[in-house]
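**Student:** Have a look at this one.
The values are calculated or read from the model by the stated rules, or taken from the named source; none is laboratory data. Quantities reported herein were computed from a predicted structural model and do not represent experimental measurements. Ideal geometry is used to build each Cβ from the backbone, glycine not excepted, and the neighbour counts take in all protein chains shown.
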Amino acid sequence: MAEKIKNIKRILVGVDDSDDAQLAFRVAMQRAKELDATLYITSILEKDEMNVYQVLDADYMRQQVEKLKKHIEDYRKIALEAGVKKVKTVIAEGDAGETIIKKVIPQVNPDLLVIGALAKEGLEKYFGSQAAYMAKYSPISVLVVR
């Protein structure tokens, strides 16, 4: 079992501003330091949280992407300051869970995915959280942080 853990060299963590994602980020940083692994930080621009006029406005979308790039760069700096030696960032667009599983994981090829546990508000908390989706469909091990 310990041999398997030592083979973790690439850790992917999904971040947003929720409390559970913040905790997942801290756990991922700690694991990356302990295992001398590369930490990949991803954040997903979720168009379903925008209205149709915003999605169709190219300037608005560019601004949102730039804002997300700056925000994820702040996470990168925090990880480097915390002692993680290798930190990379990945931004994608779409539904967070599906995009991480279908686009980000194949692009990054991580050994471990670290995510927060809480479901979003509204219908999604009744039909399953992003964490449940990713844990079910991920091709790699998933650490769900509560």
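**Student:** Test VAL90 against the criterion of being β-branched (Val, Ile, Thr), modelled with pLDDT of 95 or more and over 15 Å from the mean Cα position of the chain (by Cα), and give yes or no.
**Tutor:** Judged against the criteria, VAL90 is not a match.
**Student:** Does the stretch 23-45 hold any residues that are of a type outside the set (Gly, Ala, Ser) and assigned to a helix (DSSP H, G or I), and which are they? It would help to see each step written out before you state the result.
**Tutor:** Going residue by residue through the stretch 23-45, those that are of a type outside the set (Gly, Ala, Ser) are 23, 25-27, 29-31, 33-36, 38-42, 44-45.
Hits for the stretch 23-45 are LEU23, PHE25, ARG26, VAL27, MET29, GLN30, ARG31, LYS33, GLU34, LEU35.
**Student:** From ASP48, ASP20, ASP59, grab the single residue that is touching a residue at least 40 places away in the same chain (Cβ under 8 Å), assigned to a helix (DSSP H, G or I) and loosely packed, with under 14 Cβ neighbours inside 10 Å.
**Tutor:** The match here is ASP48.
**Student:** Pick from ASP59, ASP111: which is of a type in the set (Asp, Glu), modelled with pLDDT of 95 or more and out of contact with any Pro (no Cβ under 8 Å at 6 or more places or on another chain)?
**Tutor:** The unique qualifying residue is ASP111.
**Student:** Now a separate question. Can you name the residue in the stretch 23-45 that is among the polar types (S, T, N, Q) and crowded, with 17+ Cβ neighbours inside 10 Å and is also farthest from VAL65 (Cα to Cα) among such residues?
**Tutor:** Out of the qualifying residues, it is THR38.
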